[in-house]
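The values are calculated or read from the model by the stated rules, or taken from the named source; none is laboratory data. Given the structure is predicted, the values throughout are model-derived calculations rather than measurements. Quick reminder, even Gly has a Cβ in these numbers, built from the backbone with ideal geometry, and neighbours come from all protein chains shown.
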Amino acid sequence: MIYDVIILGAGPAGLTAAIYAQRANLTCLVMEKEYMSGGQVVNTCEVDNYPGLPGIGGFELGMKFHEHAEQMGASFVNIEARHIGLEDGGRVKVIYTEQEEYRARTVVLAMGAAYRKLGVPGEEKLSGVGVSYCATCDGAFFKDRKVAVVGGGDVAMEDALFLARGCEKVYVIHRRDSFRAAPILQKRLREYENVEILWNTTVSELIGNSHLECIKLKHMDTGEESMLDVEGIFIAVGTIPNTRLVERLIRLDENGYIAADETGVTEVPGIFVAGDIRAKQMKQIVTAVSDGANAIESVQKYLLQ
């Protein structure tokens, strides 16, 4: 069988693409390597910034996306693609897996990106219950509380600024003695009296049982360790786009993301991109679902050529 479109990834972008593909009467297959759909959102305790569903659990929202696509008639396969090849004809894409080959006239890349983690004890255990990688997603849950931000780039500064407006205290933990963030962001951050910067400091452990209670710090110069009582920690040390599958097929930007505008059109005819894997300003659920819809609109235009 040759599908009209194969969607790689079943996060918000991929599932939205599947819904729109079914609405357009396109034969569609969604391929997902994880055991369940939903992407990163399923690991979020609560989602407070998705319109119309304030406070919904991340797992519940992810399942709603999947159920919607399934009810529309989308087909799913739980398998990991190894490579995307282009047949000589150019109009049919071949996706290879360990078991078999899948063919489609178009492909939507929606594999997403993973937050870069600290890799310290307690991080996995407390993820979603005090450990977060998105201040605009989870910051509202820490109003009037003490939190920490780890990082020294623009995202870390923006997260700290966002949190400083509502939190009692914000500690910014950075392993160097200067930030690499834009000077204007640094200037704005220093204007907040409830922000304290901890230079030359790293996080060595996150401590807590059912939720984060404190973090263990290590000073880079002296090796001295200390404890910091906070209820939330926002890790902003970058993201890793899941583009290894197509790195030889599509040109990536300097950070490893696929460069494309909101249409999702890539430099390879018939291959489109949606979600966090695309280079863009904001990587959130609302922008991912928008990407998914736009990608299928572009798929339809391509198939009519």
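Within segment 267-279, being surrounded by 20 or more Cβ atoms within 10 Å (Cβ to Cβ) and without any contact (Cβ under 8 Å) to a residue 24 or more places away in the chain holds for one residue alone: R278. Would you confirm, using the coordinates I've provided, whether A260 is buried (at least 22 other Cβ atoms within 10 Å of the Cβ) and in a loop (DSSP other than H, G, I, E, B)? Yes; evaluated as a whole, the condition is true for this residue.
Number of residues in segment 6-35 that are crowded, with 24+ Cβ neighbours inside 10 Å, small (G, A, S) and over 15 Å from the mean Cα position of the chain (by Cα): the value is 3. Right, A181: small (G, A, S) and more than 30 Å from A293 (Cβ to Cβ) or not? Criteria met by A181. Looking only at segment 191-238, residues that are surrounded by 17 or more Cβ atoms within 10 Å (Cβ to Cβ) and touching a His at 6+ places or on another chain (Cβ under 8 Å) come to 4 in all.
Yes/no matrix, rows are residues, columns are (1) more than 30 Å from C167 (Cβ to Cβ); (2) in contact (Cβ under 8 Å) with a residue 12 or more places away in the chain; (3) charged (D, E, K, R); (4) in contact with a Gly (Cβ under 9 Å, 6 or more places away or on another chain):
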| site | (1), (2), (3), (4) |
| --- | --- |
| W199 | no, yes, no, no |
| G208 | no, yes, no, yes |
| C214 | no, yes, no, yes |
| G223 | no, no, no, no |
| V230 | no, yes, no, yes |
| I240 | no, yes, no, yes |
| Q281 | no, no, no, no |
| A295 | yes, yes, no, yes |
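Scanning segment 138-151 for residues that are among the small types (G, A, S) and modelled with pLDDT of 95 or more returns A148, G151. Residues that are surrounded by fewer than 18 Cβ atoms within 10 Å (Cβ to Cβ) and of a type in the set (A, V, I, L, M, F, W, C) were ranked within segment 171-184; the one that is nearest to the chain's Cα centre (by Cα) is A182.
Answer yes if at least one residue in segment 128-137 is at pLDDT 95 or above, part of a strand (DSSP E or B) and within 30 Å of K33 (Cβ to Cβ), and no otherwise. Yes, segment 128-137 contains a residue that is at pLDDT 95 or above, part of a strand (DSSP E or B) and within 30 Å of K33 (Cβ to Cβ). Of all the residues that make up segment 77-126, how many are farther than 28 Å from K280 by Cα, surrounded by 15 or more Cβ atoms within 10 Å (Cβ to Cβ) and of a type in the set (F, W, Y)? The qualifying residues number 1.
If you filter segment 224-251 down to residues that are in a loop (DSSP other than H, G, I, E, B) and among the polar types (S, T, N, Q), you find that the one that is farthest from G122 (Cα to Cα) is T243.
For segment 93-127, taking the residues that are of a type in the set (S, T, N, Q) and assigned to a strand (DSSP E or B), the one that is modelled with the highest pLDDT is identified as T106. Inspection of segment 292-303 identifies at least one residue that is within 17 Å of the chain's Cα centre (by Cα) and either closer than 22 Å to E80 by Cα or outside the structural domain of G153 (by TED's automatic domain parsing) (or both). In the set (1) part of a loop (DSSP other than H, G, I, E, B); (2) in contact with an Asp or Glu (Cβ under 9 Å, 6 or more places away or on another chain); (3) modelled with pLDDT under 80, the condition left unmet by L26 is number (3).
Number of residues in segment 153-170 that are crowded, with 23+ Cβ neighbours inside 10 Å and either of a type outside the set (A, V, I, L, M, F, W, C) or in a helix (DSSP H, G or I) (or both): the value is 5.
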